[in-house]
Amino acid sequence: MIGSTKQQMDLFGARVVKLARINLGASKMIDGKKRVTNSTGDLSKSLSYRVKQKRTASGQFSSGFDVEFLSSEIYAPFIEQGVKGSESVKQSAKNSPFQFKGRNIPQLAMMKWIEKKPIKLRDMGTGQFSKNTKTAKKTLAFLLGRSIATKGIGARHYYKDAVEMAIPKDGTDVALAMANDYIKQIIKEIKLN
């Protein structure tokens with residue numbers, strides 16, 4: 001059964017968040033390379049939505065609702081839309097509003113990421129795994145940071161793709177709920193007159 005517009009928007013928002021979490025964990029081709037975005041799970045855990053009633057320019061409630069997709073992680077928009085590099089731009093991030101200005105990322109940020117991501121370091125000469133010493137990690141953080149800052153970050157579009165997947169199923173239900181609410185409002189107004 002079709003509920004009210006707000007109920008259907010809530011169902012739509014919940015489905016989009018669920019699909020976005022699946023998108024983050026799934027292996028996906030981005031700029032010609034297979035990537036999995038959800039290395040720590042923090043980003044997918046932070047995803048949420050909020051259904052808000054529309055307001056006029058003066059701040060008064062008007063008819064209709066908006067769904068706002070959120071994340072408590074500050075880096076979420078950069079992963080969704082990508083970041084242009086300081087020297088080149090990845091194809092998936094060409095429309096991104098974000099761009100690296102410098103030629104490297106702060107080393108501390110990269111060190112934290114290296115700690116979370118189980119990266120095994122190799123000896124350049126022998127190709128064998130080497131010990132994860134502090135110096136080796138600092139070198140890796142510098143090299144990875146420089147590469148990311150100059151080349152950019154490819155867009156993952158985890159929310160955009162989730163919305164596109166949810167619309168065929170939930171879009172019709174939302175439209176029907178809006179039509180039902182509109183008809184109820186018309187009937188209510190006719191009875192008042």
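The values are calculated or read from the model by the stated rules, or taken from the named source; none is laboratory data. Only a predicted model underlies this, so the values are computations on that prediction, with no experimental measurement involved. So basically every Cβ, Gly included, is an ideal-geometry build from the backbone, and we count neighbours across all protein chains shown. Only protein heavy atoms, including side chains, enter the accessible area calculation; ligands, DNA and RNA are left aside. Shrake-Rupley method; radii C 1.70, N 1.55, O 1.52, S 1.80 Å.
State in Å² the accessible area per residue of the stretch 1-109; use a 1.4 Å probe, count heavy atoms of protein chains only, and round to the nearest integer.
64
So what is the 222 nm mean residue ellipticity for the chain from helices alone, if each DSSP H run of at least 4 adds -39500 (n - 2.57) and you divide by all residues, rounding to the nearest 500 deg cm²/dmol?
It comes out at -14500 deg cm²/dmol, rounded to the nearest 500.
Of all the accessible heavy-atom surface of the chain, with the other protein chains kept in place and a 1.4 Å probe, what percent is carbon and sulfur?
Roughly 57 percent of what the probe reaches on the chain is carbon or sulfur.
Distance in nm between label sites at Lys117 and Ser72, each 7 Å beyond Cα in the beta-carbon direction?
2.4
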